[in-house]
Amino acid sequence: KNEVEQSPQNLTAQEGEFITINCSYSVGISALHWLQQHPGGGIVSLFMLSSGKKKHGRLIATINIQEKHSSLHITASHPRDSAVYICAVGGSQGNLIFGKGTKLSVKP
Amino acid sequence: NAGVTQTPKFQVLKTGQSMTLQCAQDMNHEYMSWYRQDPGMGLRLIHYSVGAGITDQGEVPNGYNVSRSTTEDFPLRLLSAAPSQTSVYFCASSYSNRNEQYFGPGTRLTVT
């Protein structure tokens, strides 16, 4: 069993829809990261959180430490949100363990 | 700040050749890591460093060496390239284990 599981693997949405991507992990963590990778390949950090909830624009990330689960929500989705979203958990040494990613396609 | 830089962007090697992938950051980050990204596998940790002079192995270290002589630089050496090392390589850095990680643009390596 992978230490970090994401669902769904692929997601197609219509513009304007509310999107949820889930991440479950089985290891102790110092923090959980949500990353975005566009087709060009670059990886950018969206959120890093160790408790509660964070919001940035139309993106919201939540984490439940007891249940070892995190969600990434996108409100009012837009075609430019199309990307691979990656959940990663941070170990005590700063290194990351990654999920396999969720490929999101938002159709106009 | 340039952030995290990686060179080269693309590289083709023949089996058995050696090369060094360069990674540098100008943010005075202590933590640096190398990952490889393969289709269907996600990103996997190769080696990491928590500070100058300190390195450790990750999930897939075989065939790779690293050193950290300065805070800024964290080169990844392929000793004898194999086709299984065809991948996209990302370097990342962060201030501490509880801070956001910054990724370089990646190096696409093909070994024939």
| Out of curiosity, is residue B:25 open to solvent by less than 30 Å² (accessible area, probe 1.4 Å) and touching a residue at least 24 places away in the same chain (Cβ under 8 Å)? | yes
| query | Say we look at segment A:16-45 and pick out the residues that are touching a strand residue (DSSP E or B) at 6+ places or on another chain (Cβ under 6 Å) and outside any strand (DSSP E or B); which of these is modelled with the highest pLDDT? | reply | A:38
| Among the listed residues B:69, B:84, B:49, B:33, which satisfies the condition of being without any contact (Cβ under 8 Å) to a residue 40 or more places away in the chain and either closer than 15 Å to residue B:107 by Cβ or assigned to a strand (DSSP E or B) (or both)? | B:49
| Search result, residues across segment B:87-112 that are assigned to a loop (DSSP other than H, G, I, E, B) and either surrounded by 15 or more Cβ atoms within 10 Å (Cβ to Cβ) or free of Cβ contacts under 8 Å to residues at least 60 places away in the same chain (or both) | B:95, B:97, B:98, B:99, B:100, B:101, B:104, B:105, B:106
| note | Reported set for segment B:72-81 where residues are in contact (Cβ under 8 Å) with a residue 60 or more places away in the chain and not hydrophobic (A, V, I, L, M, F, W, C) is B:80
| query | What about residue B:67, is it modelled with pLDDT under 95 and either among the basic types (Lys, Arg) or open to solvent by less than 70 Å² (accessible area, probe 1.4 Å) (or both)? | reply | no
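The values are calculated or read from the model by the stated rules, or taken from the named source; none is laboratory data. Not measured: the values here are computed from a predicted model. Please note: Cβ atoms are built from the backbone with ideal geometry, for glycine as well, and neighbour counts cover all protein chains shown. Accessible surface is based on the protein model in full, side chains and every heavy atom, while ligands, DNA and RNA are left aside. Shrake-Rupley method; radii C 1.70, N 1.55, O 1.52, S 1.80 Å.
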